[in-house]
Each structure stands twice: as structure tokens, then as C-alpha cells.
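Worksheet: the structure to be examined is printed underneath.
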Amino acid sequence: MNRVLLSILIMSLCFEFTAPNSWGEERQTLTLDGEWDIAQGAMNTPPAQFTAKVPVPGLVDMAQPIFTDVGVKSPQRDAFWYRKKFQIDRPVPAVAILRIAKAFFGTKAYLNGVVLGEHLPLFTPGYFDVQKNLLGAGKENELIIRVGASPDALPVSMPRAHDGEKSKYIPGIFDSVQLILSGTPNLINIQAAPNIALSKVHVQALVHNAGADSSTPLTFTVKEKRSGTVVGMVAIPDVHVPSATDKTVDTEILIPHCHLWSPEDPFLYTVEVTTTADRIVSAFGMREFHFDPASGHAFLNGKPYFMRGSNTTLYRFFEDGERGGLPWNVDWVRRLHRSFKDFYWNSLRYSIGFPPEFWYDIADEEGILLQDEFPIWGLDKHVTTAELAQEYAAHMQETWNHPSVVIWDSQNETIRNAEPTGAAIQQVRHLDLSSRPWDNGWGGVQAETDPFESHPYHFIKNTKTMPALATALKVPTYGYHDMIFSRYHSPILINEYAGIWLQRDGQPTKVSRAFYDHILGPNATVDQYRETYAHYMAAETEFWRGNRGCAAVLEFTALGYSEPDGTTSDHFLDIKNLMYEPRMASAFKNAFAPVGLMIDYWESEMIAGSSSSIPVVVINDLAPPWNGTVHLILQRAGKVVLDKNQAVSVESFGSQKAIFNFTAPIAPGGYELQATIIGADGQTVVSDRAFPVISEADQIARTGYPVKVATASSEHSQNNFLLAATNAASDNGIGWSSEFSDPQWIALDLGVPRKIGRVVLNWEAACATSYRLETSSNGRNWTAVYATDAGKGGIETLTLSPVTARFVRMFGIKRATKFGYFLWGFHVYGT
């Protein structure tokens with residue numbers, strides 16, 4: 001059956017079905033899950049023998065005996081063939097549909113030797129009309145399903161779940177297989193759209209008639225899911241449905257004093273719709289969600305809501321060596337989601353892939369907001385808007401009643417050939433009666449109330465350290481590498497950041513190794529890696545939450561693979577028993593606390609005896625105002641050397657800053673600065689920073705004279721950092737860049753007159769071919785002490801005739817490139 005005809009037979013898996021009293025009253029859904037026969041072979045001919053067994057749902061690498069080279073292209077096979085024999089105990093009814101929820105890589109179905117058809121999409125159910133070929137009343141049926149052995153089994157016009165950080169693409173039927181039987185008129189699907197302002201739910205039912213012209217009464221009943229108490233009902237006595245047609249029926253059901261759904265209170269209702277020959281039930285929640293462009297925040301049930309959480313990358317976890325059958329173990333998946341809430345996470349992105357459908361039921365029941373991401377990361381030029389719109393619509397029909405699903409997501413980080421995703425969004429968004437926002441990855445925001453997805457990887461593949469956050473943009477940009485993708489002032493979702501993953505054994509991944517080598521050296525211990533990871537992840541989480549510029553802060557990633565050549569990883573020591581690395585767990589529980597705090601101090605060291613002003617930001621994600629005390633201590637080797645308190649009040653959904661002034665200790669050494677509050681749940685919340693105290697003489701010997709102020713003619717922003725003048729003076733791994741024009745300058749104020757005999761300029765490739773070095777006593781009148789028209793970049797050490805001055809300036813006359821002047825470092829020495 002082709003996909004257009006099948007659209008009239010789509011039935012959502014989130015529906016709950018009960019066994020029928022007779023074919024004329026309601027449907028029967030038979031699960032075909034369990035053990036299946038399996039064999040490998042060619043694409044077009046079923047095998048003569050089935051030599052192994054495999055669980056459904058699951059993946060082919062779970063077969064016994066095992067197949068070799070599963071997940072990579074192999075000359076051993078082009079396809080895998082599944083076989084299941086089954087019976088039904090009654091005559092075949094008017095409607096009989098085979099449903100294959102999800103499978104890699106494309107399905108072709110045979111029943112009793114007859115080809116039923118193909119379903120090539122990987123992420124939406126395939127529906128096959130089996131009414132004419134199904135044998136009833138105790139007779140044996142043979143069902144055979146072919147799946148491609150690799151993504152190459154699909155035509156190039158199909159999205160293939162490409163992920164540039166995966167190494168294996170393991171085939172298999174990884175969601176449930178069902179046989180749906182009913183009389184007619186039958187129900188194809190229903191959609192429940194809450195209206196919390198009016199305490200109503202708008203229910204839309206699609207009715208189909210597979211028989212002769214007829215009419216049917218239609219009854220809509222709303223119940224509390226847990227208690228079964230009826231809270232609303234509407235009866236429509238006569239709905240005429242002509243033969244072989246479908247009809248949409250709308251109604252509104254009043255739910256007096258409705259109980260709202262939220263992550264903090266995941267209260268569920270069910271809506272039941274019946275005809276004379278069919279009955280369908282779906283869970284839903286009374287909740288409303290949207291983004292507010294004016295504030296840049298999300299709103300849940302009419303109030304600001306700060307999204308805190310992480311990601312699951314299930315299709316990466318599919319290739320993890322410890323995966324086994326865990327993704328299909330309901331108890332394990334429920335405990336996984338509950339473990340997320342232990343970190344105060346209220347949100348998840350199901351990243352680059354839709355999970356089995358029962359995961360959505362668990363998110364509804366446990367209370368987690370979902371950003372539901374279609375598996376596109378890089379779009380083949382052959383994939384059309386029409387294909388994407390068809391797949392987006394099919395997935396929406398399967399999940400639109402889940403209150404957990406609050407953001408439809410069309411793709412991940414796709415720039416090249418991304419136009420079809422935006423066009424497809426515009427074609428399908430009207431289908432959702434709840435008007436959820438859409439995220440279009442990096443392909444362009446499609447509506448003013450849609451969010452933009454930002455991935456500010458401050459530390460990935462480079463040598464930036466904690467002081468980089470001092471000049472990082474407090475609100476990330478709307479693009480990547482200065483390419484702007486939002487034509488609106490869009491609310492921002494941060495759902496990836498940092499980029500300093502550790503594998504489960506505590507070793508860096510291939511992209512985070514350079515960061516740890518720079519911080520710790522090449523021979524660091526696992527304890528050092530884990531301590532550094534926890535410290536940096538907590539600090540950057542605090543940075544994004546404390547600056548309040550984003551609608552969501554979701555770290556990457558809570559579930560993924562852990563493998564020697566992997567790019568990312570998750571946070572577990574023992575994935576089967578869901579044991580987290582304890583330092584990470586403690587850090588995240590502090591950093592994501594609903595009433596949280598941030599020490600807004602990022603320097604890598606303090607000068608002994610210097611005066612410091614330390615801001616501590618307290619944030620409140622909750623409606624009740626928070627009043628309490630910020631406790632700040634400075635300690636060395638467990639001994640407290642400074643102890644201060646300050647009372648703070650934070651309004652609903654607000655933030656407040658406490659300023660602590662103190663003088664740094666005289667004694668050099670390593671110190672820890674720690675701020676604490678008692679959070680909304682009575683638990684202590686901690687923010688900390690670690691740094692050495694050094695003498696001014698040591699600083700001068702290492703990095704030159706301390707700089708009071710660094711200024712420049714211009715400063716450029718790139719990759720979520722302000723390339724500010726102060727970066728060149730601090731060696732924080734970011735650097736200063738001017739705008740892209742001549743002339744430009746950068747000046748250092750040393751605070752007091754100093755004897756200057758040497759200046760070191762550390763250029764990026766975007767250097768000056770012609771520039772002057774100038775000094776000044778007042779910052780207004782400048783004297784040239786060095787000039788060149790043959791600058792070569794790199795590290796230039798300029799030895800000068802000693803001069804006394806307070807100000808030193810590099811004045812750029814001509815650039816070496818089309819970009820601005822770029823200095824990694826600018827340091828002034830006495831000799």
C-alpha cells in the first residue's frame with residue numbers, strides 16, 4: 001500500500017487499547033513483539049532458511065547466534081529478514097492493519113507470501129493493510145519483514161540518520177510491531193489540544209469508513225488517568241461517513257477546575273472516543289507552552305519557565321558496547337528519566353533521533369519537557385521539502401498528544417542545503433492544534449515565537465581556560481562563525497556547550513584531549529580529569545544560567561556512547577545500574593539548582609595583597625520569592641582565611657547580585673573561593689572557584705607588568721566570545737581582534753609609570769605588516785618607540801631603549817589579511 005493511501009489508516013501508538021467484547025464494538029491490538037526468526041541475505045528474495053533468533057523490538061546485533069560485522073557495510077549481506085508466525089482467534093474484521101513503529105533501514109513486508117508494500121522512512125511507523133491476506137480463526141499466518149543492512153539500502157532522497165560522530169549504523173526493528181483489528185466506521189487518530197484559560201480540551205477525531213455508507217454516533221469522554229474518574233463528556237448522535245472516505249469531527253470538552261500538567265506535577269487525563277465499531281483512548285495533559293520573544297524566555301501554563309536539562313543521543317547509544325537490551329527495558333528507561341530529575345533537570349532534547357514510543361509515555365508520567373529532534377545532521381541535496389513535510393507530519397500524528405513534547409525540532413546543526421527543513425515546517429505546523437514552537441537547528445528561524453538553537457562550545461578543540469568566560473558573550477550569538485541564521489530576536493536554546501567530555505573510564509575523548517593536555521599536561525590522572533571536568537562544567541552551567549540570557553540551558557549529553565575513538569560521551573560509571581560519576585553528579589546538582597548561584601569571578605590567579613571585588617549572582621527559577629544569606633569563604637588547605645555573609649532577596653523568576661569586597665591574602669599558594677546558599681528545597685547549593693595567589697614580582701617575571709585597563713579602537717565578536725582588548729593582556733586563549741579595517745590600535749594602562757625595556761606581541765596570522773609601538777604618560781599624547789613596515793607575525797619580541805611610561809600602544813597601520821588585527825598576547829616587561 002502506498003503512503004498516501006496509508007495516511008487514512010494512521011493510528012497513534014500513544015493510544016491505549018482494551019480488548020474488545022466483539023468486532024462490532026471496539027478494536028483489538030495484538031502485539032507481535034517478542035522473539036522472531038532472522039536471517040541475512042539479498043534485498044529482493046526472502047531466504048530459504050532462518051538460522052537465528054532476535055528480539056523485537058531490538059537491533060540485529062542482539063541475534064543469537066550472532067552475525068558478524070553488523071553495523072558496517074559488509075559483502076555478507078544487503079538485508080536482514082525477520083519472520084514471525086502467529087494466529088488470531090477470530091474471523092478477520094473489516095479493518096486489519098499491520099503497524100511497524102520504527103525500523104532501520106527501510107521495511108518491506110510480506111504476509112502469507114504476498115507483498116504488502118514498503119515503508120522507507122526510518123523514524124515514523126509503517127502501516128500495511130493486511131485485511132485481504134490475513135488468515136483468521138486459529139489459522140497460522142507467516143509475516144516476513146525485510147530491513148536494509150545499512151543506510152545505503154535507502155534511496156538518496158530519504159533522510160538516513162546521518163551522524164558525523166557515529167561509527168556504526170546497526171539495523172533492526174527497534175520499536176514495536178502490532179496488528180490492529182476493528183470494525184468500521186473506525187477511528188484513524190485523535191488529537192487533544194488543551195485550552196487551559198477556558199478549562200477545555202479541543203478534540204479532533206478522524207473517522208474512516210471501510211464499508212458501505214453509514215452513520216455512527218460519536219462519544220468523547222475525558223477521565224483522570226490515574227483514578228478513572230469521568231470529568232467531561234460530549235456525545236454527537238449522528239455522524240455520516242460515506243463509503244471509503246474519512247471525516248474530521250471536532251468538539252470541545254469542558255473540564256471544570258482542570259488540573260494542569262507540569263514537570264513538577266505531571267497530572268494526566270485520558271480522552272476516549274467511540275463509534276459503533278471502534279474505540280480509541282489517548283493520554284494527554286492540560287498544559288500550554290510557548291516562547292516569549294520580548295523576554296527571551298519560555299512560558300509554561302502562563303508563567304515564566306526556565307528549562308534546565310540535558311540530551312539523550314540514543315542512536316549513538318545504540319552502538320555502545322554496554323547497550324544490550326537496555327533501551328527496551330521499561331524499568332531501566334523509567335529509572336533513567338528519574339535519575340535526570342535528581343539533577344533538577346526538567347527538560348531533555350531527544351537529540352538526533354526519536355526513541356521507541358514508550359519513552360514519550362515515561363516522559364509524560366515522570367514530568368520532563370521534550371525538544372523532539374528529527375534525525376538530520378547534514379542534509380543530502382536529494383532530500384526534498386515534500387519528503388520532509390510528509391515525515392514531519394507523520395511523526396507529529398504519533399506524538400502530538402504527549403504533554404511532554406513542547407518543541408518540534410526539524411534538524412541538528414545543518415547549514416548546507418538546509419532550505420527544505422524550513423519550507424517543510426511551514427507546510428506542517430498548522431496541523432498541530434496546540435501550536436507548539438519549532439526549532440530549525442541552524443537552518444533559519446521560521447516564526448517570531450520559534451527559538452534559535454545555539455551551541456557555544458567555549459573549550460572544544462582549543463586551549464581556552466576558565467578566564468575565557470570573563471569576556472564570553474553573556475547571550476550567545478544567533479549563528480556560528482559569524483553566520484547569522486535568525487531574522488528575529490529569537491529566544492535562545494542552549495542545548496550543547498563546553499565540549500570537554502570524558503569517557504566512562506575517565507579518559508578524554510578525541511576532541512577534548514587538547515583541552516586537558518593544556519590544563520593538566522599529557523600525563524594527568526583519572527582523578528585529575530574528573531575533578532577538572534566537574535569544576536569546569538559546573539562553572540559554565542552557572543555562567544549561562546546566572547546571566548539569564550537564554551530560555552534553556554541543556555548540557556550535552558546525559559546518554560550516549562563511550563568508546564575509545566568517540567567524540568562525545570555521557571556521565572556514567574556503570575550504565576546498566578545507572579551509576580553516575582560522583583563528582584559530576586555533585587557538580588550538576590549544584591549548578592542546576594532552581595535557586596542557584598554563580599561566583600562571577602573567572603581570573604586564573606590573584607595578586608597577593610590586591611583588593612578584589614567578587615560578585616555573587618543568585619538566581620530564582622521559581623514563582624515564590626527567595627530570601628536568604630549568601631555565605632562566602634576563602635580557604636587554603638581546609639583553613640578558612642576569609643568569611644563573609646550577605647542577606648539577599650530574589651523576586652519571582654529573578655536574579656540578584658551580592659558584592660563582596662576583600663583583600664587577597666599575602667601568603668602565596670592555592671586557594672578556593674566558595675559561595676553557598678540554602679536552596680528552595682532546604683539543600684545547600686555551592687559555587688566555587690580555585691586559583692593561586694602569587695606575588696606581583698612572580699607575575700611580572702612570568703607575564704610582564706600587571707595591566708589595570710586594556711582598551712582598543714574596536715573589538716570584534718566571534719564564536720560567542722568578545723575578542724576584547726583585555727584578552728591580549730591576560731593570555732586566556734581568546735585574544736583581541738579589531739574590526740576589519742585600517743588603522744586600529746590596542747593600548748595597555750599599567751596603572752603607574754613603569755620602566756619599559758621589552759614588549760612581546762603574540763600575533764595570530766591576522767597580524768600587522770606595518771605598525772608602530774608607542775608610549776605615553778597620560779594616554780593622550782603618544783611617542784613612537786618602534787616602527788616597522790615588515791611585520792611577519794608570530795611572536796615578536798621587541799627590545800627597546802629603556803623608557804618610563806604608564807601607557808603602551810600598538811598602532812596598526814596596515815593589515816596582513818582581510819581580517820582585523822589579532823593579538824593572542826600583548827605583554828610589557830622592564831628588561
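The values are calculated or read from the model by the stated rules, or taken from the named source; none is laboratory data. From a predicted model like this one, the values you see are computed outputs, not experimental measurements. As a convention, Cβ positions derive from the backbone with ideal geometry for all residues, glycine included, and neighbour counts pool all protein chains shown. For accessibility, only protein heavy atoms count, side chains too; no ligands or nucleic acids. Shrake-Rupley method; radii C 1.70, N 1.55, O 1.52, S 1.80 Å.
What accessible area per residue comes out for the range 130-214, rounded to a whole number of Å², with a 1.4 Å probe? Intermediate results must be reported in sequence, preceding the final value.
Numbers: 2720 Å² over 85 residues.
Each residue of the range 130-214 exposes 32 Å² on average to a 1.4 Å probe.
Using packing as a proxy for protection, rank 145-155, 27-37 so that the peptide with the highest average count of other Cβ atoms within 10 Å comes first.
Numbers: 145-155: 20.9, 27-37: 17.4.
Highest to lowest by the protection proxy: 145-155, 27-37.
Express the relative contact order of the chain as a whole percentage, based on alpha carbon pairs under 8 Å and six or more residues apart in sequence. Present the calculation step by step, with values, prior to reporting the outcome.
On the way: 2222 pairs, mean separation 68.6, N = 831.
With pairs under 8 Å counted, the relative contact order is 8 percent.
Within the range 84-150, the proportion of C-alpha pairs whose separation exceeds 14 Å stands at 57%. Each residue of the range 381-436 gets 76 Å³ once the volume of the Cα convex hull is shared out per residue.
Applying a DSSP loop filter and a limit of 13 other Cβ atoms within 10 Å to the GluC sites (Glu not before Pro) in the range 312-414 leaves 322.
On a per residue basis, the range 604-684 carries 48 Å² of accessible surface, using protein heavy atoms and a 1.4 Å probe. Backbone amide hydrogens, once placed in the peptide plane, bring residue 200 within less than 5 Å of 195, 255, excluding anything fewer than 5 places away on its chain. The C-alpha atoms of the chain define a longest principal axis, and helix 385-399 lies at about 80 degrees to it.
Eigenvalues of the alpha-carbon gyration tensor of the range 602-666, scaled by 5 and square-rooted, set the equivalent ellipsoid semi-axes at 28, 12, 10 angstrom, largest first. In the chain, helical runs assigned H by DSSP with n ≥ 4 each contribute -39500 (n - 2.57); averaged across all residues and rounded to the nearest 500, the mean residue ellipticity at 222 nm is -3500 deg cm²/dmol. Direction-averaged projected area, Cα convex hull, the range 277-406: 11.5 nm², rounded to one decimal. About the centre of its Cα atoms, the range 594-689 shows a dipole size close to 260 debye [charges on the beta carbon of Lys, Arg (+1) and Asp, Glu (-1) only; nearest 20 debye].
Which of the trypsin sites (Lys or Arg not before Pro) found in the range 418-474 are in a DSSP loop and have at most 16 neighbouring Cβ atoms, other than their own, within 10 Å? Can you show the working numbers first?
Values: sites: 429, 461, 464, 474; in loops: 461, 464, 474.
Here the trypsin sites (Lys or Arg not before Pro) that fit, given the DSSP loop and packing criteria, are 461, 474.
Taking amide H positions as modeled 1.01 Å from N, with prolines and chain starts lacking one, the residues under 5 Å from residue 754 and 5 or more places away or on another chain are 805, 806. Calculate, in whole percent, how much of the Cα-Cα pair population of the range 40-143 lies beyond 17 Å. The share of Cα pairs beyond 17 Å in the range 40-143 comes to 58 percent.
Note on the range 350-484: Kirkwood radius taken over Cα pairs, Stokes-Einstein applied at 10 °C and 1.306 mPa s, translational D equal to 98 µm² s⁻¹. Distances longer than 19 Å among the Cα atoms of the range 252-309: what percent of all pairs is that? More than 19 Å apart: 47 percent of the Cα pairs in the range 252-309.
The fraction of Cα-Cα pairs per 10 angstrom bin, counted from 0 for the range 634-768, comes to 9, 27, 27, 25, 11, 1 percent, rounded to whole percents.
If I compute solvent accessible area with a 1.4 Å probe over the protein chains, what percent of it on the chain is carbon and sulfur?
Numbers: 15910 of 30780 Å².
C and S fraction of accessible area: 52 percent.
At a probe radius of 1.4 angstrom, the accessible area of the range 300-342 per residue rounds to 32 square angstrom.
Report, in degrees rounded to the nearest 10, the 0 to 90 angle that the Cα long axis of helix 419-428 makes with the longest principal axis of the chain. Approximately 50 degrees, to the nearest 10. Structural size metrics of the range 476-583, computed from C-alpha coordinates, are Rg and Dmax of 15.6, 47 Å. Reported to the nearest whole Å, the Cα centre-to-centre distance from the range 55-105 to the range 421-452 is 34. Measuring max minus min along each principal axis, the C-alpha atoms of the chain give extents of 102, 62, 48 Å (largest first).
Which order do the peptides 812-821, 547-556 take when ranked by the mean count of other beta-carbon atoms within 10 Å per residue, highest first?
Numbers: 812-821: 18.8, 547-556: 22.9.
So the peptides 812-821, 547-556, ranked by packing, come out 547-556, 812-821.
In sequence order, the range 119-135 has phi-based couplings of 9, 7, x, 8, 10, 10, x, x, 10, 10, 6, 10, 4, 7, 10, 7, 9 Hz under the Karplus curve 6.51 cos²θ - 1.76 cosθ + 1.60, θ = phi - 60°, and Gly or Pro positions carry x. Listed values for the range 401-418 are Karplus-derived 3J(HN,Hα) couplings in whole Hz (6.51 cos²θ - 1.76 cosθ + 1.60, θ = phi - 60°), namely 8, 6, x, 5, 7, 10, 9, 6, 10, 8, 5, 10, 6, 8, 10, 5, 6, 7, and x replaces Gly and Pro.
Is the shape of the range 414-519 rounded, prolate or oblate, going by the alpha carbon gyration tensor and its root eigenvalues a ≥ b ≥ c, with a/c under 1.5 for rounded and a/b larger than b/c for prolate? Prolate. Placing unit charges on the Cβ atoms only, positive for Lys and Arg and negative for Asp and Glu, gives the chain a dipole magnitude near 1660 debye about its Cα centre. Can you run phi through the Karplus equation (6.51, -1.76, 1.60; θ = phi - 60°) for the range 180-191 and list ³J(HN,Hα) in whole Hz, with x for Gly and Pro? Result, rounded to whole Hz: 10, 10, 6, x, 9, x, 10, 9, 7, 7, 9, 10.
Here the scattering of the range 786-831 is modelled by Debye summation over its C-alpha atoms, one equal scatterer each and no solvent; at q = 0.15, 0.20 Å⁻¹ the log10 of I(q)/I(0) is -0.48, -0.84.
Centre-to-centre, using Cα atoms only, the range 179-201 and the range 383-398 are separated by 21 Å.
For the pair the range 645-671 / the range 682-717, the C-alpha centres are spaced 16 Å from each other. Counting only Cβ charges, +1 for Lys and Arg and -1 for Asp and Glu, the dipole size of the range 704-831 around its Cα centre is about 340 debye. Simple rule: put +1 on each Lys or Arg Cβ and -1 on each Asp or Glu Cβ in the range 642-727, find the dipole, and look at 718, 649, 700; the Cα lying farthest toward the positive end is 700. Projecting the Cα atoms of 763, 541, 370 onto the charge dipole of the chain, computed from C-beta unit charges around the Cα centre, puts 763 farthest toward the positive end.
Computed over the alpha-carbon pairs of the range 84-203, the distance histogram in 10 Å steps reads 12, 34, 26, 19, 9, 0 percent, short to long.
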